[in-house]
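Visitor: I'd like to ask you about the structure that follows.
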Amino acid sequence: MNKTFSIQNQFLGILAMTIGLLLMAMPASAATVSPDDLSAGDLIRGESFSAVYYYGEDGMRYVFPNDKAYFTWYDNFNDVVWISDSDMSTIQIGGNVTYRPGVRMVKITSDPTVYAVGAGGVLRGIESEAVATELYGSSWNTMVDDVPDGFFPNYSIGSSLEFAGQFSVETESLDARDIDDDKGLMPARQISITDSGYVDPTITIPAGTAVRFINNGSQTHTATEFDKLWGSGTMQPDGHFTRYFTEAGTWIYYSKLDDRNTFEGAIIVE
């Protein structure tokens, strides 16, 4: 039976500085932009905190868990744009960014298994040092990062690599053109809310689609699933709420703050 191999901590490549420390070299203040000026793929940060986020195609922001993950995608912080703290708070967090496929290997402190990172954050356990050497070269042991156990659920486990031909470092990296592509992010379907009700309240979407509710009215409204399995909470004017629908079914929703006769809709997921 094949066994995964372990790595000694002294061989692990550790980057010297964190994202926060590196951002100290950036200007203490910078001109801010409006969320309306953001485009999918932008790197954004607020005024008070140094954390950098990826602005996704779905209109949500994605967290870089640490500097190591960031530098598998980017070489520097030159393209980071600033937005106000209040505007940042209106951009919903969609999840965490995983390592760019093919760039580095990962492991967790509680398990000696070393993994190659594939598309979509799928981890492929490497069965032997010989496979690691063929894939990443003789210095492969400097290309392994420890991922904190708490971030490991961001990944999924695929089949292990018994021989190098089962995984192409170059192809995996080139195919992940950006984080949108790697995560399969797409523009969200939008449902506008006015003070008279939902606009086009019933929609049919394929599984895996994000739906964004936008309050275009002058009063507060909600979008709440009938059995309260999910909900937007109270949305102020210009507020919005986004949710991914991954399971087939019909989701009836309504506004808890309004008349059910005029504020009800359905999302049909196929």
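Visitor: Once every DSSP H run of n ≥ 4 in the chain is given -39500 (n - 2.57) and the sum is divided by its residues, what mean residue ellipticity at 222 nm do you get, rounded to the nearest 500 deg cm²/dmol? Don't skip to the end; give the middle numbers.
Guide: Details: 6 runs with 37 residues, N = 270.
Computed mean residue ellipticity for the chain: -3000 deg cm²/dmol.
Visitor: Using r as the Cβ-Cβ distance of S86 and D175, and R0 as 35 Å, what FRET efficiency do you calculate, to the nearest 0.05? Mind showing how you got there, number by number?
Guide: Details: r = 38 Å, r/R0 = 1.07.
The formula returns an efficiency of 0.40 here.
Visitor: Next question, about the same structure. State the number of lysine pairs found in the chain whose Cα atoms come within less than 22 Å, restricting to pairs 8 or more positions apart or on distinct chains.
Guide: On the way: K3/K107; K68/K107; K68/K183; K107/K183; K228/K256.
Going through the chain pair by pair, I get 5.
Visitor: Quick one: 3J(HN,Hα) in Hz for the stretch 178-183, Karplus 6.51/-1.76/1.60 with θ = phi - 60°, rounded, Gly and Pro as x.
Guide: With the stated coefficients, the stretch 178-183 comes to 7, 5, 4, 5, 5, 8 Hz.
Visitor: Moving on. Going by average Cβ neighbours within 10 Å, how do the peptides 231-237, 67-73, 201-207 rank, with the highest at the top?
Guide: Values: 231-237: 15.3, 67-73: 19.7, 201-207: 13.7.
Output ranking for 231-237, 67-73, 201-207: 67-73, 231-237, 201-207.
Visitor: Please work out the Kirkwood hydrodynamic radius for the chain, using every pair of different C-alpha atoms, and report it in angstroms with one decimal place. Walk me through the numbers on the way to the answer.
Guide: Details: mean 1/r = 0.0480 Å⁻¹.
Kirkwood hydrodynamic radius for the chain: 20.8 Å.
Visitor: Next question, about the same structure. Just for the chain, what percent of DSSP beta bridges are antiparallel, to the closest 5?
Guide: Values: 30 of 52 bridges.
Counting DSSP beta bridges with both partners in the chain, the antiparallel share is about 60 percent.
Visitor: Using packing as a proxy for protection, rank 95-104, 154-163 so that the peptide with the highest average count of other Cβ atoms within 10 Å comes first.
Guide: Going by the mean number of other Cβ atoms within 10 Å, highest first, we get 95-104, 154-163.
Visitor: What list do you get for M105, M88 if you sort them by fewest beta carbons within 10 Å?
Guide: Details: M105 24, M88 20.
In order of increasing Cβ crowding within 10 Å: M88, M105.
Visitor: With a sphere of radius 13 Å drawn around the Cβ of T109, what net charge do the other residues whose Cβ falls strictly inside it have (Lys, Arg +1; Asp, Glu -1)?
Guide: Values: positive: K107; negative: D111, D145, D146, D149.
Within the 13 Å Cβ shell, the charges total -3.
Visitor: Given H placed on each backbone N at 1.01 Å, which residues far from T209 in sequence or on other chains put an amide H within less than 5 Å of it?
Guide: F245
Visitor: Could you line up V269, V117, V106 from fewest to most neighbouring Cβ atoms inside 10 Å?
Guide: Working: V269 18, V117 28, V106 23.
So the residues, fewest neighbours to most, are V269, V106, V117.
Visitor: Sequence gap at least 6, Cα distance under 8 Å: using those rules, report the relative contact order of the chain to the nearest whole percent.
Guide: Details: 546 pairs, mean separation 41.4, N = 270.
Rounded, it is 15 percent for the chain.
Visitor: Which of H221, H240 has the fewest other C-beta atoms within 10 Å, and how do the rest follow up to the most?
Guide: Numbers: H221 25, H240 21.
Ordered from fewest to most neighbouring Cβ atoms within 10 Å, H221, H240 come out as H240, H221.
Any read-out appearing in this document is the output of simple, stated calculations on the displayed coordinates, not a laboratory observation. In this text, all values refer to a predicted model and were calculated from it rather than measured experimentally. In this analysis, Cβ positions are derived from the backbone assuming ideal geometry, glycine residues included, and neighbour counts consider all displayed protein chains.
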